[in-house]
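Peer 1: The structure is given below, and queries will be raised subsequently.
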Amino acid sequence: MSLKDRLKTEIRAGGPMPISRFMNACLHDPAEGYYSTRPRLGEDGDFITAPLISQMFGELLGAWVVETWRGLGRPNRVLLVEAGPGDGTLISDALRAGRLDPGFLAAAELWLVETSAPLIKAQRERLANAPLTPTWAAVLADLPDDAPIILIANEFLDCLPVRQFVRTADGVAERGVGLNEAGELSFGLTPLPGEQLPKDAPIGAVIEVSTAQLDFAADLAARIVYQGGAGLLIDYGRDSAGAGDTLQALRQHRKVDPLADPGGADLTVHADFPGVLRAARAWGAATAILDQGEFLRRLGIAQRADALSRAKPDRAEIIARQLARLIDADQMGSLFKAACLYVPSMPPPPGFENDQ
Ligand code: SAH
């Protein structure tokens, strides 16, 4: 039976399902989930990410990792972790930059947090000749807890499921996926008497709550505080609290109806940075957040672009376009944010020196 039909059967038996359950099924169902069966990243695929736009992104993050390790006092063992490594481009570009410091490479153990079998295969191939050999873990909880950790994640939070709540004239309802009169999947509201929402939420506004994002931030922060270390989470999302339905499905770079073909498109939501940073601080981590454009400029992306263009003058125009895509405010520069969590005993990691 198709995933869509199985979801309908589940709804007929158990009533409308939360958006979080729907997202998990669409992304990770073993037979038809988007990431379990057909992730297509890149210009020819369904969506493009910063490391696939330009090698500069991964290289700068590699330099960030090495500098952060120095800020931690150059521990002789450190876990270098990437969550949601996609096709492995980011980490392989980062390791090329990390190669510059043999002391770091000698100290680092590479861990990749990934659940998608096709992407694990792509990562293994991409890293075949890399200076570090990865070990895979399905969840953060499977990582060792006896060494400092430096974690990077780009467009990972946005895959973690959300629940959506709406304040109605009669109280609070959960927005979920049910069936309409024709028996097709449709969005609807189920009253939820127990839930509390911000009192100032306007009637009809959708409030998203991602327990999965908040739990990830809390787990990461607890490790950073107890093991030492830092995390860099880059994603698109809001940097102040706000209402709105951010669930979207992307196929071949176009927005499509999220209910039309479960498993056939990438589904994402905005990262809830205010919630993520609050959860991290509750565990004792220091936090900071910047627009992606500002963060990359502070890491020296303009100088890196100049150097690349001088080395390959025939590519100068392409490099300038890639640079603009990553940092311009009307492209990825301000919709995307770079959030940093770090142990308060270390100096703020590169880029975040003045933004605690
Ligand atoms: N970071 C990459 C890929 C982003 S796509 C890039 O910037 O190009 C999202 C990645 O997160 C994919 O690798 C996907 O398989 C992984 N992912 C999604 N949900 C996950 C989960 N719950 N646990 C672990 N990995 C997950």
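The values are calculated or read from the model by the stated rules, or taken from the named source; none is laboratory data. Note that the structure is predicted; figures quoted are calculated from it, not measured. Virtual Cβ from ideal backbone geometry, glycine too; neighbours counted across all protein chains shown. Heads up: the accessible areas ignore ligands, DNA and RNA and are worked out on the full protein's heavy atoms, side chains in. Shrake-Rupley method; radii C 1.70, N 1.55, O 1.52, S 1.80 Å.
Peer 1: Looking at Pro262, Pro258, Pro202, which is the one that is assigned to a loop (DSSP other than H, G, I, E, B), more than 15 Å from the ligand (Cβ to nearest atom) and open to solvent by less than 20 Å² (accessible area, probe 1.4 Å)?
Peer 2: Working: Pro258 fails: open to solvent by less than 20 Å² (accessible area, probe 1.4 Å); Pro202 fails: open to solvent by less than 20 Å² (accessible area, probe 1.4 Å).
Only one candidate passes the filter, namely Pro262.
Peer 1: Note down all Cβ pairs under 7 Å where the first residue falls in segment 165-183 and is over 14 Å from Val206 (Cα atoms) and open to solvent by 70 Å² or more (accessible area, probe 1.4 Å), the second is of a type in the set (Phe, Trp, Tyr) and modelled with pLDDT under 85, and they're at least six residues apart or on different chains.
Peer 2: none
Peer 1: If Gly62 satisfies all but one of (1) more than 16 Å from the ligand (Cβ to nearest atom); (2) within 26 Å of Pro350 (Cα to Cα), what's the number of the condition it fails?
Peer 2: It is condition (1) that Gly62 fails.
Peer 1: What are the residues in segment 30-45 that are at pLDDT 95 or above and open to solvent by less than 20 Å² (accessible area, probe 1.4 Å), if any?
Peer 2: Gly33, Tyr34
Peer 1: List the residue pairs whose Cβ atoms are under 6 Å apart, where the first residue sits in segment 35-59 and is closer than 19 Å to Gln331 by Cβ, the second is within 10 Å of the ligand (Cβ to nearest atom) and part of a loop (DSSP other than H, G, I, E, B), and the two are 6 or more positions apart or on different chains.
Peer 2: Between residues of segment 35-59 that are closer than 19 Å to Gln331 by Cβ and residues that are within 10 Å of the ligand (Cβ to nearest atom) and part of a loop (DSSP other than H, G, I, E, B), the close pairs are Leu41/Gly86; Leu41/Asp87; Thr49/Glu155; Leu52/Gly42.
Peer 1: Further question on the same structure: Could you please let me know if Ile207 is within 16 Å of the ligand (Cβ to nearest atom), touching a residue at least 40 places away in the same chain (Cβ under 8 Å) and not in a loop (DSSP other than H, G, I, E, B)? Steps first, please.
Peer 2: Working: within 16 Å of the ligand (Cβ to nearest atom): no; touching a residue at least 40 places away in the same chain (Cβ under 8 Å): yes; not in a loop (DSSP other than H, G, I, E, B): yes.
The answer is no for Ile207.
Peer 1: Does Arg163 qualify as being away from the ligand (no atom under 13 Å from the Cβ), closer than 28 Å to Leu341 by Cα and modelled with pLDDT under 95? Break it down stepwise before answering.
Peer 2: On the way: away from the ligand (no atom under 13 Å from the Cβ): yes; closer than 28 Å to Leu341 by Cα: yes; modelled with pLDDT under 95: yes.
Against the criterion (away from the ligand (no atom under 13 Å from the Cβ), closer than 28 Å to Leu341 by Cα and modelled with pLDDT under 95), Arg163 qualifies.
Peer 1: Identify, by number, the condition in (1) farther than 18 Å from Glu59 by Cα; (2) acidic (Asp, Glu); (3) more than 12 Å from the ligand (Cβ to nearest atom) that Asp101 doesn't meet.
Peer 2: In the conditions (1) farther than 18 Å from Glu59 by Cα; (2) acidic (Asp, Glu); (3) more than 12 Å from the ligand (Cβ to nearest atom), Asp101 misses (1) alone.
Peer 1: Additional query: Can you run down the residue pairs with Cβ atoms below 9 Å, 6 or more apart or on separate chains, where the first is in segment 267-281 and among the aromatic types (Phe, Trp, Tyr) and the partner is at pLDDT 95 or above and not in a helix (DSSP H, G or I)?
Peer 2: Going by the 9 Å Cβ cut-off, the qualifying pairs are Phe273/Leu233; Phe273/Asp235; Phe273/Ile289; Phe273/Lys337; Phe273/Ala339.
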